[in-house]
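Undergrad: Have a look at the structure that comes next, please.
Bear in mind these aren't lab numbers, they're just calculated from the coordinates by the rules spelled out. Please read these numbers as outputs of a predicted model, since none were measured by experiment. Note: ideal-geometry Cβ built from the backbone for every residue, glycine included; neighbour counts use all protein chains shown.
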Amino acid sequence: MTSKIAIDALSEAEAKLELARLAVELSAANAAYYTEDNPDLTDDAYDALKRRNSAIEKRFSHLKRDDSPSDQVGAAPADGFSKIAHEVAMLSLSNAFDAEDVMDFDGRIRKYLGLSTDTDLGFTAEPKIDGLSLSLRYEDGQLVHAVTRGDGAVGENVTSNALTISDIPHTLQDCPKVLEVRGEVYMSHADFTALNERQSERGGKVFANPRNAAAGSLRQLDAEITKSRPLRFFAYAWGALSDPLAPTQMGAITRLKELGFSTNPLTVLCDGPEAMLAHYAKIEEQRATLGYDIDGVVYKVDDLALQDRLGFRSTTPRWAIAHKFPAELAWTRLEGIDIQVGRTGALSPVARLQPVTVGGVVVSNATLHNEDYIKGLDSKGQEIRGGKDIRVGDWVQVYRAGDVIPKIADVDLSKRPTDAVPYQFPAICPECNSEALREPGDAVRRCSGGLICPAQAVEKLKHFVARGAFDIEGMGAKQVEQFYVDGWIKEPADIFTLKDRYGQGLQQLKNREGWGEKSANNLFQGIEDKRNIPLGRVIFALGIRHVGDAASNLLALHYETWDAFEAAMVDAQKHEGPAWDDLIDVDGVGAVMAGSVVSAFAQSGERASIDRLVAQLNIIPAERADTSGSPVAGKTVVFTGTLEKMTRAEAKARAERLGAKVSGSVSAKTDILIAGPGAGSKAKKAADLGVQTMDEDGWLALINAV
Ligand code: IVH
C-alpha cells in the first residue's frame, strides 16, 4: 500500500498523500497491536513504516500532520486527542416541535426559492439518531482520519477508535478522490444494557443512557476500551467532496450504502409536509422497538441543487430541520430554589428537585427562568400553567428534551402543602449584596455590582476560557474559580500574565496543591497557544450580552480587524450616525444586540479591562471566504424593485457568498444597483450619484461568469 518511491524523489503531493496513508496504516497497526493483541505487522515492518514516516516528515516538515504517528505512543496520544479542523464545518439542525412548524419549514423554503405551492418539492425523512456525530475522511478510498464534531469547526482526532467500529469501512472502492462521510455513532439498547451489567460487576462507571455510553466509549484515550464497547455508525451526510455523490439526497444516501456504509432503513422520500408527518407518525410508532435511541425525524430537501441555493444560516442549514419527539415527563417535589448569578449579572432561579429519572437520566435541577415564570407569567405578562405559581414544597412536572436543561411544565395544586408560601424573589444580589434591578422591558433581574460582583467576574472568566471562546487547554471552570478566589486572576488579561507572575519566584503554580511541574508547564503552554487568536473568538469571549458565537463571527467578518471593530463601537456610542447605521446593517445584528456591544465599550471600567486584554494578544483578522475570482468581491451592492428570477433573500445570500456587501440604501459607497421593475427613488439616486446600475439579468450574467 505504501509507495516505494525514494524519499528524495517524492513530490510534495505524493508526500502529503503518503503521510496520510501512513497515519492510517500505523494507527490500524497500533489498534491491532494494543487492542486486539493481534499484531498484523511484524516489528520490523512496523519500524520500517515509522522510519519512512519520520524521514518524509523531516524532508517536508510543513506537511507534518496534526495526528502524526511520530507524536503518538500506542493507540492514542497519552495526554488527549489531537485536534483537526473540519474542511467543511459540522453544523447542527434547527428544530420543529409540531405539524405547524413543519408546514412553516416547507413554506419558508418555498418563499426563499420563490416556488409556488403547486411546484413539486420533495424531502427525505429519516430518524434522528441520538448519538454523537463523526466525520470520516477518505482520500483515494483510504480512511485518513475520523474526527468528532467538537465545536463544529475543530474536532478531536479519534481515528484509532473509529477503526474499531465494524460499521466503518477502512477502505472504499470507486469513490470520489476526497470524500468525507458524516453520520452518527450510537450504541444499541441491548449492547448498552450488557455494557452496564459488565461495568457494575467490575465496579466501573455505569452510564446513564446509550448516548453517554457511546460518547464515553468513542472518546477513550485507549482504543482497547473502545474496541470492547460495541459501537455502531449510521451514515447520513457528507462534508468535503471532490465529486458529487448524486444529484439528490436520496441518491447520495443510496450511494453511501453501495460504498459499504450502514444507512438507516427508515429513510424515505416524501412529496411534502403531509407525507413527512405521516412518516414521522410511523417512526414514532416504531420508536420503542427499533433497538436504539432516536429523538426525532430529520427532513431534508431532496434536490441537492436546491440545497445549494438554500445554503446556511449562521449555524444551521435552511434545507433541513429536526422534528423532535415530545419531551419525556416526570413528577417530583421541589425542595428549594437557589439563585445563580451569571456573567451578565442575571439572577437565575434554579429549582432543586428531589432526584427523579426522566428519559433515563437522573434530574435534580431544573431552570425556573425568572421571577415572572415562577409567578406563572410569560415574558408578555400572559398566564402560563393556567397562572399557577411555583412554591417550595410543590409537586412539579419536569421535562427534558434532548440536551437542554430540564424545565418545569406543571404544578399539582392538589398536593400543595398547606404551609407553602409564594416565592419571594430577592432584590439583593446573593453574591455581592448589590441591588438587583429590573429594567423596564427586561424579564430578568440583574445585579448592579458589575465587576465588583465576584459571581459575575468568575462567570465571565469561565466563559472566556470555555469552548468556542479562548478554549484554553488545562483551564476550566474549576481552575478559574480557584485562581479567582486566591486573587491570581481577576480579569481575562491576568491569564496572560500568569506565567510572569507565578512561573518563578516565591509563589509558583507548580507548588500549588494539585499542580506539579508538568501540569504547570502545560497550562502556561496552553495559554501561550491562545495568544494568537481569531477576531471572532475574541469578540465572543468578551461575553457581551446578546452576542453569541454566530453573531461574533458575523461582526468579525464585517469589521475584519480588532482596531476597526473597536473604533466603530466607540463611534457608534450615540446610537446614531454612520458607524451605528453600519453596525445595525450587518445581517443578523439588530438594535438590541448593537446597543449591547456598544455599551460594553462605553463603560470605562469594562473598556479598560478589554484594552488590557487586547494588549496581551495578537488578534488574527477575520478572513472572508475565498472569493478571489469573484467579480463582485468587496463591492457594495443594493437591490431594488422586483426581482423575477429569485427572491430578495436568496439574491442577498448569494451576493454575500461571493464576497459582496449588500446594503439597503444607495449612497456614494454603493458600487452597483440592481434595479428590477418598479424601481423608484433608489434608481434615481443611483443615477444622480453615477452608480453603476443593471437589471437582474445583467447581475446574473455578471455573477454566473465566475
Ligand atoms: S443531518 C448540516 N441527519 O443531529 C446538518 N443529523 O441537531 C447535517 N443527527 O449534529 C446533519 N441523526 O449529530 C442529520 N439523520 C440525521 C441525524 C442527524 C442525528 C444529529 C447530528 C447533528 C445533530 C443536529
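Undergrad: Using a cut-off of 12 Å between alpha-carbon atoms, which aspartates and glutamates can reach K490, once sequence neighbours fewer than 8 places away in the same chain are excluded?
TA: Excluding near neighbours in sequence, the set is E459, E481.
Undergrad: Let me ask something additional. With r as the distance between the Cβ atoms of A48 and V614 and R0 = 60 Å, compute the FRET efficiency 1/(1 + (r/R0)^6) and round to 0.05.
TA: 0.75
Undergrad: Now a separate question. If packing is taken as the average number of other Cβ atoms within 10 Å across a peptide's residues, how do 88-95, 591-598 rank, most packed first? Numbers along the way, then the final one.
TA: Working: 88-95: 15.8, 591-598: 17.9.
Listed from highest to lowest mean packing, they are 591-598, 88-95.
Undergrad: Residue farthest toward the positive end of the dipole of the chain, with Cβ of Lys/Arg at +1 and Asp/Glu at -1: which of L277, M250, L461?
TA: Of the listed residues, the answer is L461.
Undergrad: Among V632, I165, S11, which residue has its Cα positioned farthest towards the positive end of the charge dipole of the chain, with +1 placed on the Cβ of Lys and Arg, -1 on the Cβ of Asp and Glu, and the dipole taken about the Cα centre?
TA: Most positive-ward Cα: V632.
Undergrad: Mind checking the full-extension length gain between A701 and S681? Use 0.36 nm per residue of separation minus the Cα-Cα distance, one decimal, nm.
TA: 4.7 nm
Undergrad: On to the next question. Got the relative contact order for the range 170-250 handy, in percent, Cα pairs under 8 Å and 6 or more residues apart?
TA: 51 percent
Undergrad: Further question: For an R0 of 51 angstrom, estimate the FRET efficiency from the Cβ-Cβ distance between S604 and N95 and round to the nearest 0.05.
TA: On the way: r = 42 Å, r/R0 = 0.81.
E between S604 and N95, to the nearest 0.05, is 0.75.
Undergrad: For a distance above 22 Å, tell me the whole-number percent of Cα pairs in the range 218-314 that qualify. Before the final figure, lay out each step's value.
TA: Details: 2144 of 4656 pairs.
Pairs farther apart than 22 Å: 46 percent.
Undergrad: Roughly how big is the range 144-191's charge dipole about its Cα centre, with Cβ charges of +1 (Lys, Arg) and -1 (Asp, Glu), in debye to the nearest 20?
TA: 140 debye
Undergrad: Please compute the contact order of the range 260-369 in relative form: average sequence separation of alpha-carbon pairs under 8 Å and at least six residues apart, divided by the residue count, as a percent. If you can, show how the numbers build up before the last one.
TA: Values: 120 pairs, mean separation 16.6, N = 110.
Here the relative contact order equals 15 percent.
Undergrad: Rounded to the nearest 20 debye, what is the charge dipole size of the range 611-706 about its Cα centre when +1 sits on each Lys and Arg Cβ and -1 on each Asp and Glu Cβ?
TA: Taking the Cα centre of the range 611-706 as origin, the dipole is about 260 debye.
Undergrad: Taking K661 as the anchor, which aspartates and glutamates have their alpha carbon closer than 12 Å to its alpha carbon, excluding any fewer than eight residues away along the same chain?
TA: Within reach: D582, D585, D587, D671.
Undergrad: Dipole of the chain, Cα-centred, from +1 at each Lys and Arg C-beta and -1 at each Asp and Glu C-beta, to the nearest 20 debye?
TA: In debye, rounded to 20, the chain gives about 980.
Undergrad: If you wrap the range 573-706's Cα atoms in a convex hull and average its projection over all directions, what's the area in nm²?
TA: Its average projected convex-hull area is 10.1 nm².
Undergrad: Check cross-link reach from K415 to the lysines: straight Cα distance under 16 Å, and skip same-chain residues fewer than eight apart.
TA: Within reach: K388.
Undergrad: Still on this structure: Using θ = phi - 60° and the Karplus curve 6.51 cos²θ - 1.76 cosθ + 1.60, what whole-Hz ³J(HN,Hα) does each residue of the range 225-232 get, with Gly and Pro shown as x?
TA: For the range 225-232, the Karplus-derived couplings read 5, 4, 4, 7, 10, x, 9, 10 Hz, x marking Gly and Pro.
Undergrad: Take the cross-link list K58/K462; K652/K685; K50/K205; K282/K645; K50/K128; K478/K518 and give me the ones stretching past 30 Å between alpha-carbons.
TA: In this structure, K58/K462; K50/K205; K282/K645; K50/K128 lie more than 30 Å apart at Cα.
Undergrad: Could you tell me the relative contact order of the chain? Use alpha-carbon pairs under 8 Å, at least six residues apart, and round to a whole percent.
TA: Contact order relative to length: 9 percent.
Undergrad: Throw me the Rg/Rh for the chain, computed over C-alpha atoms with Kirkwood Rh, two decimals.
TA: Working: Rg = 28.0 Å, Rh = 29.0 Å.
Taking Rg over the Kirkwood Rh, I get 0.97.
Undergrad: Separate question: Show me the three semi-axes of the equivalent ellipsoid for the range 97-138, from the C-alpha gyration tensor (sqrt of 5 times each eigenvalue), largest first, rounded to whole Å.
TA: Largest first, the range 97-138 gives 28, 15, 9 Å.
Undergrad: Of the options F233, S217, L306, report the single residue whose Cα projects farthest towards the positive end of the charge dipole of the range 216-362 (beta-carbon charges: Lys, Arg +1; Asp, Glu -1).
TA: Farthest towards the positive end: S217.
Undergrad: How many angstrom separate the Cα center of the range 238-270 from the Cα center of the range 320-372?
TA: 38 Å
Undergrad: At a Förster distance of 56 Å, what's the computed FRET efficiency of Q482 paired with M103, Cβ-Cβ distance as r, to 0.05?
TA: 0.60
Undergrad: Can you give the extra length, in nm with one decimal, that the chain gains between Q354 and K510 once fully stretched, where that is 0.36 nm per residue apart less the Cα-Cα distance?
TA: Here the answer is 52.1 nm.
Undergrad: Would you mind putting 651-661, 331-341, 569-579, 223-233 in packing order, based on average other-beta-carbon counts within 10 Å, highest first?
TA: So the peptides 651-661, 331-341, 569-579, 223-233, ranked by packing, come out 223-233, 651-661, 331-341, 569-579.
Undergrad: Among the Cys residues of the chain, which have no other cysteine Cβ under 4.7 angstrom away?
TA: Unpaired cysteines in the chain: C175, C270.
Undergrad: Length gain on complete extension for the stretch T315 to S70, per 0.36 nm per residue less the alpha carbon to alpha carbon distance?
TA: The T315-S70 span can extend by a further 84.7 nm.
Undergrad: Turning to a different aspect of this structure: Pull up the DSSP beta bridges for the chain and report the antiparallel fraction as a percent, rounded to 5.
TA: If we restrict to bridges inside the chain, about 80 percent are antiparallel.
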